[in-house]
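Shown next, in structure tokens, is the structure this report addresses.
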Amino acid sequence: MKGQSMHNLVLLTAIRFSGSPPHSAARFAPLARQHSIPLVVPCCAALLRITFIILLSGLAFCGCSKKAASKGSAIDLVQSGQEVAWADGYVLTVAKREGSSLEGIRIVNTLPDGQIRTILAEKGTISKGEDANSVKIALYEAQTQTGNNQMSAHLMNLVLNK
């Protein structure tokens with residue numbers, strides 16, 4: 001009898017822990033004795049549920065932050081159709097990028113005297129710079145315009161930094 005009363009006490013505790021009213025313990029005690037149901041199952045289920053919620057919360061708040069995404073290389077920032085702002089006021093837009101090949105390149109920056117310089121090229125290539133925060137861009141048949149001045153170059157090399 002002593003084992004059965006302890007069995008009922010643990011069942012009562014387990015049911016109270018899971019949020020059921022205490023009087024329901026008497027209703028489940030015969031069922032638990034008949035089928036030898038482990039009495040810790042409701043406690044473990046609640047503990048597993050809480051652990052699962054904490055784990056999902058950690059993934060949602062820590063795994064999806066933008067800081068983690070921004071730690072990549074500068075070369076990964078250059079994507080088709082997106083404007084990318086660089087140090088010293090440079091803004092790069094590329095119409096198409098396939099690997100290191102670029103097409104429809106436009107670079108705009110404001111000079112210290114306030115003039116806007118625009119550099120255009122139909123084709124070019126991109127490569128990693130000296131460190132993860134820079135890229136090297138080679139522009140072929142580039143056209144540069146600053147105010148009323150225009151310039152052409154068969155090859156123009158630029159280094160842009162984050």
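The values are calculated or read from the model by the stated rules, or taken from the named source; none is laboratory data. Computed from a predicted model, the values in this text were never measured in an experiment. We place every Cβ from the backbone using ideal geometry, glycine too, and count neighbours over all the protein chains shown.
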Exercise. Just give me the residues in the stretch 129-162 being touching a residue at least 40 places away in the same chain (Cβ under 8 Å) and part of a strand (DSSP E or B), in sequence order.
Key: 134, 135, 137, 158, 160, 161
Practice problem: Give me the pairs, please: first residue somewhere in the stretch 106-117 and assigned by TED's automatic domain parsing to the domain that holds residue 146 and more than 17 Å from residue 84 (Cβ to Cβ), second residue anywhere and in a strand (DSSP E or B) and among the hydroxyl-bearing types (Ser, Thr, Tyr), beta-carbon distance under 8 Å, and either six or more positions apart or on two chains. | Solution: 111/146; 115/146; 116/110; 116/146
